[in-house]
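The values are calculated or read from the model by the stated rules, or taken from the named source; none is laboratory data. Predicted, not measured: the structure shown is a model, and the values here were computed from it. We place every Cβ from the backbone using ideal geometry, glycine too, and count neighbours over all the protein chains shown.
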Amino acid sequence: MNIEFENIRVSLGGAPILHGVNLRAQTGKVTGIIGPNGCGKSTLLKTLFGIVPRESGAIRLDGADAASFTRKEIAERVGYVGQEIPCVFDFSVRDIVGMALYARRGVRRAERDRIIETALTDVGLLHMADRSILTLSGGERKMVFVARSLAQGVDTIVLDEPTNHLDIRHQLFILDYLRASGKTILIVLHDLRLASYFCDEIFLLKDGNNLADGAPLDVLTEARVREAFGISGYAHLTNADTSDFFIDFASAKVG
């Protein structure tokens with residue numbers, strides 16, 4: 001599914017947050033949103049789900065106005081993993097993942113159990129299926145909610161800092177899984193190295209505005225990195241002689 005944000009403007013508490021942001025996530029691609037703290041990355045994602053109201057602009061899902069869909073209809077099309085997901089009730093991991101099936105019609109009990117177990121297996125948490133969500137670490141909880149988005153059975157997933165609280169092994173595991181899934185992925189990331197390696201295209205925001213977009217090597221130039229983050233550094237290839245190259249982020253320093 002293509003997701004298009006067109007001229008999105010948002011103000012919160014009288015303060016302007018987004019000043020006409022444009023973004024497009026293409027079908028089957030991993031599209032990253034990067035930028036310094038407070039630039040509006042999370043706010044932009046939340047406008048899609050109605051969590052944050054927009055003053056103006058349009059959001060389109062495969063060309064259809066997102067405003068024409070109910071929240072349930074959007075959930076039938078798009079999965080969402082938020083940045084912080086508080087848990088105050090003593091649900092099991094299985095119960096949490098099973099909540100995704102609210103968005104799937106006509107799923108029978110036997111099929112329900114299979115879907116839940118497949119999603120947990122995919123993220124390596126089947127052994128925790130009967131654990132209380134309250135007993136898990138922040139990283140483990142994050143993986144549970146990624147599994148819940150997979151259980152929705154959608155071909156598009158929006159994620160806000162899914163690597164928060166995860167150790168490096170699980171960061172690489174979940175991002176590699178998402179990239180290999182063939183799904184449309186729209187993801188906010190703070191780590192420029194991860195964004196460079198896993199994203200097909202990135203959108204760089206600053207102060208609620210578009211600064212640049214395109215392939216990671218084209219966006220993360222020394223001039224733009226300095227303008228956006230106030231550091232000296234840039235993206236570059238470390239192994240350009242093979243098709244399976246790795247994009248690294250050069251040693252950076254403040255100033």
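Values for this structure:
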| item | result |
| --- | --- |
| Qualifying residue in segment 163-177 (condition: more than 15 Å from the chain's Cα centre (by Cα), part of a loop (DSSP other than H, G, I, E, B) and in contact (Cβ under 8 Å) with a residue 40 or more places away in the chain) | no |
| Residue within segment 137-145 that is surrounded by 17 or more Cβ atoms within 10 Å (Cβ to Cβ) and more than 23 Å from the chain's Cα centre (by Cα) present | no |
| Strands (runs of 3 or more DSSP E) lying entirely in segment 1-69 (those with 3 or more residues that are within 14 Å of the chain's Cα centre (by Cα)) | 15-25, 30-34 |
| Residue that is farthest from Val10 (Cα to Cα), among those in segment 33-82 that are touching a residue at least 12 places away in the same chain (Cβ under 8 Å) and hydroxyl-bearing (Ser, Thr, Tyr) | Tyr80 |
| Flag if Ala119 is modelled with pLDDT under 95 and within 30 Å of Glu4 (Cα to Cα) | no |
| Number of positions in segment 50-86 that are of a type in the set (A, V, I, L, M, F, W, C), closer than 27 Å to Thr163 by Cβ and surrounded by fewer than 15 Cβ atoms within 10 Å (Cβ to Cβ) | 1 |
| Count - residues of segment 119-162 that are among the polar types (S, T, N, Q), free of Cβ contacts under 8 Å to residues at least 12 places away in the same chain and over 22 Å from Val88 (Cβ atoms) | 1 |
| Ala103 being over 19 Å from Leu45 (Cα atoms), crowded, with 19+ Cβ neighbours inside 10 Å and in contact with a strand residue (DSSP E or B) (Cβ under 9 Å, 6 or more places away or on another chain) | yes |
| Any hit, segment 78-101, residues being assigned to a loop (DSSP other than H, G, I, E, B) and modelled with pLDDT of 95 or more | yes |
| Residues of segment 37-49 satisfying the condition of being surrounded by 15 or more Cβ atoms within 10 Å (Cβ to Cβ) and not hydrophobic (A, V, I, L, M, F, W, C) | Gly40, Lys41, Ser42, Thr43, Lys46, Thr47 |
| Pairs with Cβ under 7 Å, 6+ apart, first in segment 1-25 and over 25 Å from Ala215 (Cβ atoms), second charged (D, E, K, R) | Arg9/Arg54; Arg9/Glu55; Val10/Arg54; Val10/Glu55; Ser11/Glu55 |
| Residue match in segment 31-41 (condition: over 23 Å from Leu220 (Cα atoms) and among the hydrophobic types (A, V, I, L, M, F, W, C)) | no |
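Each row is one residue, and each column tells you yes or no for (1) in contact with a strand residue (DSSP E or B) (Cβ under 6 Å, 6 or more places away or on another chain); (2) of a type in the set (S, T, N, Q); (3) farther than 27 Å from Leu192 by Cβ; (4) not assigned by TED's automatic domain parsing to the domain that holds Lys142.
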| position | (1), (2), (3), (4) |
| --- | --- |
| Glu4 | yes, no, no, yes |
| Gly38 | no, no, no, yes |
| Leu45 | yes, no, no, yes |
| Arg54 | yes, no, yes, yes |
| Asp62 | no, no, yes, yes |
| Glu84 | no, no, no, yes |
